[in-house]
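Only the coordinates and a few stated rules stand behind these numbers; no lab work does. In this text the structure is predicted, and so the values were computed from the model without any measurement. Ideal geometry is used to build each Cβ from the backbone, glycine not excepted, and the neighbour counts take in all protein chains shown.
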């Protein structure tokens, strides 16, 4: 899920997974975003970092029409100033609606 | 234990290019950490008006890269300090045109680059992001 390299932690593209079961938890763009960022927070804290040390985020959405729904949830997770970010629409596998990867300060 | 690096948000000298903040989007134009600058994806915005500008793709790429130069210079860096660039095009058939303009901005020792096509927002023809060395 994540690799530490010097000062940085590189996090793989995360999808909405139930942290209890490890199973996919498909939902709306908003609910998948919420699940991913909650899991990301847990993952980073376990690695001794946190959401406020995220530097750069890439968000892939199944449709750019969903960008406002993603943004609304996303904005609640990151304190000011939020990370640099790029958001694009892409064909994602298996009905996945959101993938989020990031680079974080360790 | 080495000293912990801190994140510093980048602000363009031209406030009209601070598109994400103006649009109340939850990201900053770029973050500097230690020796590196990470820029958010930049899109063709007219630096005089702050409005998106959707001319021919060559013009959009030129505008985006000159705004990127401004952003890096605002952070005390420059295009020739870029180490890795991602170019995203709305239409993959614009690749040759993009490349022609791109070469004007990186005439010697260009950075590592990947280019591909994805769905972009607001009718933008390109979106370009980079990682650059600070200073």
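Here the relative contact order of chain B, from alpha carbon pairs under 8 Å that lie six or more residues apart, stands at 30 percent. Here the convex hull built on the C-alpha positions of chain B has a volume of 117 cubic angstrom per residue. Its DSSP H runs of at least 4 residues, each contributing -39,500 (n - 2.57), put the calculated 222 nm mean residue ellipticity of chain A at -9000 deg cm²/dmol, to the nearest 500. P(r) tail for the stretch B:1-72, what percent of Cα pairs lie past 14 Å? Counting pairs separated by more than 14 Å, the tail of P(r) holds 61 percent. Can you tell me the orientation of helix A:67-77 relative to chain A, as the angle in degrees between its alpha-carbon axis and the longest Cα principal axis, to the nearest 10? It is inclined by approximately 30 degrees. Legend: ranking of residues B:38, B:122, A:8 from fewest to most surrounding C-beta atoms inside 10 Å; resulting order B:122, A:8, B:38. Reported value for the stretch B:45-86: 77 Å³ per residue, from the convex hull of its C-alpha atoms. Going from the fewest other Cβ atoms within 10 Å to the most, the residues B:92, A:99 appear in the order B:92, A:99. For chain B, the longest principal axis of the Cα atoms and the long axis of helix B:95-105 meet at an angle of about 50 degrees.
Averaging 1/r over every pair of different alpha carbons in chain A and inverting the result gives a Kirkwood radius of 13.8 Å.
Only beta bridges with both residues in chain A are counted; by DSSP, about 75 percent of them are antiparallel. The simple Förster model, with R0 at 41 Å and r as the Cβ-Cβ distance, assigns residue A:20 and residue A:75 a FRET efficiency of 0.95. Centre-to-centre, using Cα atoms only, the stretch A:69-83 and the stretch B:1-72 are separated by 18 Å.
An ellipsoid equivalent to the protein assembly as shown, defined through the eigenvalues of its Cα gyration tensor, has semi-axes of 28, 22, 16 Å when rounded to whole angstrom and sorted largest first.
In terms of other Cβ atoms within 10 Å, B:94, A:18 run from fewest to most in the order A:18, B:94.
Relative contact order for the stretch B:80-135: 61 percent, from Cα pairs under 8 Å spaced at least 6 residues apart, divided by residue count. Given R₀ = 25 Å, what would the calculated FRET efficiency be for residue B:119 paired with residue B:53, taking r from the Cβ atoms and rounding to 0.05? Calculated value: 0.80. For helix A:29-46, what angle does its Cα long axis make with the longest principal axis of chain A, in degrees from 0 to 90 and rounded to 10? Compared with the principal axis, the helix lies near 20 degrees. Note on B:86-96: average number of Cβ atoms from other chains within 10 Å of each residue's Cβ is 1.
Across chain A, C-alpha contacts under 8 Å between residues 6 or more apart give a mean separation that, scaled by the residue count, equals a relative contact order of 40 percent.
Under the simplified labelling scheme, the residue B:4-residue A:41 pair shows an inter-label distance of 1.8 nm, with each label point 7 Å from Cα along Cα→Cβ. Calculated mean residue ellipticity, 222 nm, chain B: -7500 deg cm²/dmol, from DSSP H runs (n ≥ 4) at -39500 (n - 2.57) each, averaged per residue and rounded to 500.
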